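This report concerns only the one structure given below.
The values are calculated or read from the model by the stated rules, or taken from the named source; none is laboratory data. Keep in mind that this is a model prediction, so the values were computed, not measured. Please note: Cβ atoms are built from the backbone with ideal geometry, for glycine as well, and neighbour counts cover all protein chains shown. What goes into the accessible areas is simple: the full protein's heavy atoms, side chains included, and nothing from ligands, DNA or RNA. Shrake-Rupley method; radii C 1.70, N 1.55, O 1.52, S 1.80 Å.
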Amino acid sequence: MPEPTAPVSAARRPARVPAAPDTHAIVIGASMAGLLAARVLCDHFARVTLVERDALPDGVQARKGVPQGRHLHVLHTKGEEILNGWFPGLSADLVASGATRLDIPGDLLWFHLGGYNVRFQSGLTTLAMSRPLLETHVYRRVLRLPNLVCRPRHEAITLATNPDRSRVTGVIVRRVPADGCTELLEADLVVDASGRGSRSPAWLELLGYRRPTESTVTIGFGYTTRLYRQDAASLPQAKAIFIQPTPPQQKRVGALFPIEEGRWIVTLGGYRDHHAPADEQGFLAHARALCAPDLHRVLERAEPVSDFIVHGFPSNLRRHYERMRDFPERYLVVGDAMCSFNPIYAQGMTVSAWEAEALDGMLRQRATTPAKAATRAYFTAAARMIDKSWRIAAGEDFRYAGVAGSKALGTDIINWYVGRVHKATHRDPAISAAFIKVLMSLEAPTSLFKPGTALTVLKGARA
Ligand SMILES: Cc1cc2nc3c(=O)[nH]c(=O)nc-3n(C[C@H](O)[C@H](O)[C@H](O)COP(=O)(O)OP(=O)(O)OC[C@H]3O[C@@H](n4cnc5c(N)ncnc54)[C@H](O)[C@@H]3O)c2cc1C
């Protein structure tokens, strides 16, 4: 199979906005959302401080504060495009460090909704690598920004405000491990990027605000991951495998992707009571029970190079900051702290990248917009982006028996139609390309309803 040659074009950033003198912004959390927010803020503030609870490793290695980093992470094509805009040359550096460029329908053996996706070279690509490799490259580039200071081993414990609590004025931090001392870091803007476990709802409540309302879709998903030595001979027809379950009763997922240093990352998982066991026999049995045999065949011969790692993911969780009538000025929330999605749809990092763009857009208009209105504009823009991804992740999850939660109006009809799209991708390259563009966040889900696409899909459904 020819090498995919279509690197994602880097979106060009508009000219840098001069930073306002003597201004300071703080970001809580130095994972993907925090790093991206810090990159944006460095264009708008004289100083930016990144506060991170973990010690940040020198090399490429997973860390305690990002436990999901040990599991398969796929970066959407759109996310890669945005990242290259902020960090020119990032993709080339990642490939030089061992990332593999995959043409999605060409290199991926992908079984979904009862059939294999049609195989063809499309130019629609993704980069396959470990999550720590990606994060390390982004982190190193952020650290090189001249107006950024990183405070690893520091934990944000609460917010500081003005006397009437209408404005956040900083963050109180303590060292990790705690030594009994705390420190006030004053700032003109504080951004919470501390992930799903964010304490923003509790901090706001403490200040006399309401907590944000939440939407949840309970899926009880479990991931079990192990690394293996790559052996191209046992997978001659593809570079990666992704086997999705056939709903409603089948609930097991399996994926194998190449990562740097000649390894495969294999993640097996499932909804509710269909988690993959973390032992040799149980792991293989889970692979054998997937809807297609390919991954099991490879695993039977593969040489493991790591232990099993397990991660539980209880629910899609969305915090509706955009609906809050009263919210302190100069405080924002990004990334998983605002919304965390079922990981099998691989949306989190791309949504964080979109939010960073929304933050940039808001800050570019800051001079002409009062602080309260700017905050509202940011949360509204972020919610619009989250809506698109939430419809895919939370909506699709309702296909599976036992999934419960906030179901948007029209979900069943949309799922019926998208189910027909899935079937069409088994035979039709044009529909497959249209679907992949939505999956990779290059097009809005509504693009699947364009008349030409809909006609082909519905004709196929009738046949
Ligand atoms: C199993 C799994 C697989 C996933 N796979 C994918 C995928 O394939 N593709 C994709 O795009 N996304 C995926 N995601 C989601 C992705 O990992 C996140 O969306 C992404 O990391 C952005 O999260 P974040 O930066 O907001 O938060 P996190 O990654 O959770 O990071 C939060 C950071 O804040 C720090 N922190 C927390 N509290 C404090 C505090 N009080 N003070 C200072 N620091 C603090 C933590 O140490 C950590 O560094 C997956 C998630 C899971 C669970």
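Got a number for carbon plus sulfur as a percent of region 409-462's accessible area, 1.4 Å probe?
Numbers: 1850 of 2830 Å².
Result for region 409-462: 66 percent of the exposed heavy-atom area is carbon or sulfur.
Find the accessible area per residue for region 164-231; the probe is 1.4 Å, ligands and nucleic acids are left out, and the unit is Å².
Numbers: 3310 Å² over 68 residues.
On a per-residue basis, region 164-231 sits at 49 Å².
Rounded, prolate or oblate: which fits region 103-163, taking a ≥ b ≥ c as square roots of the Cα gyration tensor eigenvalues, rounded meaning a/c under 1.5, else prolate when a/b beats b/c? Show your work: numbers first, answer last.
Numbers: a/c = 3.90, a/b = 2.40, b/c = 1.63.
Prolate.
Please list 3J(HN,Hα) in residue order for region 320-330, calculated via the Karplus relation 6.51 cos²θ - 1.76 cosθ + 1.60 where θ = phi - 60°; whole Hz, with x for glycine and proline.
Using θ = phi - 60°, the values come out as 8, 5, 5, 8, 6, 6, 10, 8, x, 5, 6 Hz.
Please calculate the 1.4 Å probe accessible area of K450, with all protein chains present, and give it to the nearest 10 Å².
Rounded to the nearest 10, that gives 110 Å².
Quick one: Cα centre-to-centre distance for region 406-449 and region 82-142, in angstrom?
The distance from the Cα centre of region 406-449 to that of region 82-142 comes to 21 Å.
Among the aspartates and glutamates, which fall within straight-line cross-link reach of K64, defined as a Cα-Cα distance under 19 Å, with same-chain neighbours fewer than 8 residues apart omitted?
E52, D54, E135, E155, D192, D307, D336
Along Cα→Cβ, 7 Å out, is where each label goes; now give me the distance between the ones at K450 and K407 in nm to one decimal.
Going from the K450 label point to the K407 one covers 3.1 nm.
Counting only protein heavy atoms and a 1.4 Å probe, tell me what percentage of region 53-169's accessible area is made up of carbon and sulfur.
Working: 2260 of 4400 Å².
Solvent-exposed carbon and sulfur of region 53-169 make up 51 percent of the total.
Calculate one ³J(HN,Hα) per residue across region 232-241 by plugging θ = phi - 60° into the Karplus curve 6.51 cos²θ - 1.76 cosθ + 1.60, and present them in order as whole Hz with x for glycine and proline.
Each residue's phi maps through the Karplus curve to give 4, 5, 8, 9, x, 8, 7, 10, 8, 10 Hz.
Any idea what log10 I(q)/I(0) is at q = 0.12, 0.17 Å⁻¹ for region 409-462, Debye with uniform C-alpha scatterers and no solvent?
Log-scaled intensity ratios, in q order: -0.23, -0.46.
At 1.4 Å probe size, put T216, T446 in order of accessible surface, largest to smallest. Don't skip to the end; give the middle numbers.
Numbers: T216 50, T446 100 Å².
Accessible-area ranking of T216, T446, largest first: T446, T216.
Per-residue accessible area for W390 at 1.4 Å probe radius, Å² rounded to 10?
Roll a 1.4 Å probe over it and W390 shows about 30 Å².
Kindly express, to the nearest 10 degrees and within the range 0 to 90, the angle between helix 371-397's C-alpha long axis and the longest C-alpha principal axis of the chain.
Value to nearest ten degrees: 20.
Among DSSP bridges having both ends in the chain, what percentage is antiparallel? Round to the nearest 5. List each step's numbers first, then the result.
On the way: 54 of 76 bridges.
Counting only bridges with both partners in the chain, antiparallel ones make up about 70 percent.
Which value, in Å² and to the nearest 10, is the accessible area of E183 when all protein chains are kept and the probe is 1.4 Å?
Accessible area, nearest 10 Å²: 80 Å².
In deg cm²/dmol, rounded to 500, what helix-only [θ] at 222 nm does the chain give when every DSSP H run of at least 4 residues adds -39500 (n - 2.57) and the total is split over its residues? Before the final figure, lay out the partial values.
Values: 13 runs with 150 residues, N = 463.
Result for the chain: -10000 deg cm²/dmol, rounded to the nearest 500.
Across region 357-366, in residue order, what do the Karplus-derived ³J(HN,Hα) couplings come to in whole Hz, using 6.51 cos²θ - 1.76 cosθ + 1.60 with θ = phi - 60° and x for Gly and Pro?
Along region 357-366, the couplings run 5, 5, 5, 4, x, 5, 5, 5, 9, 4 Hz.
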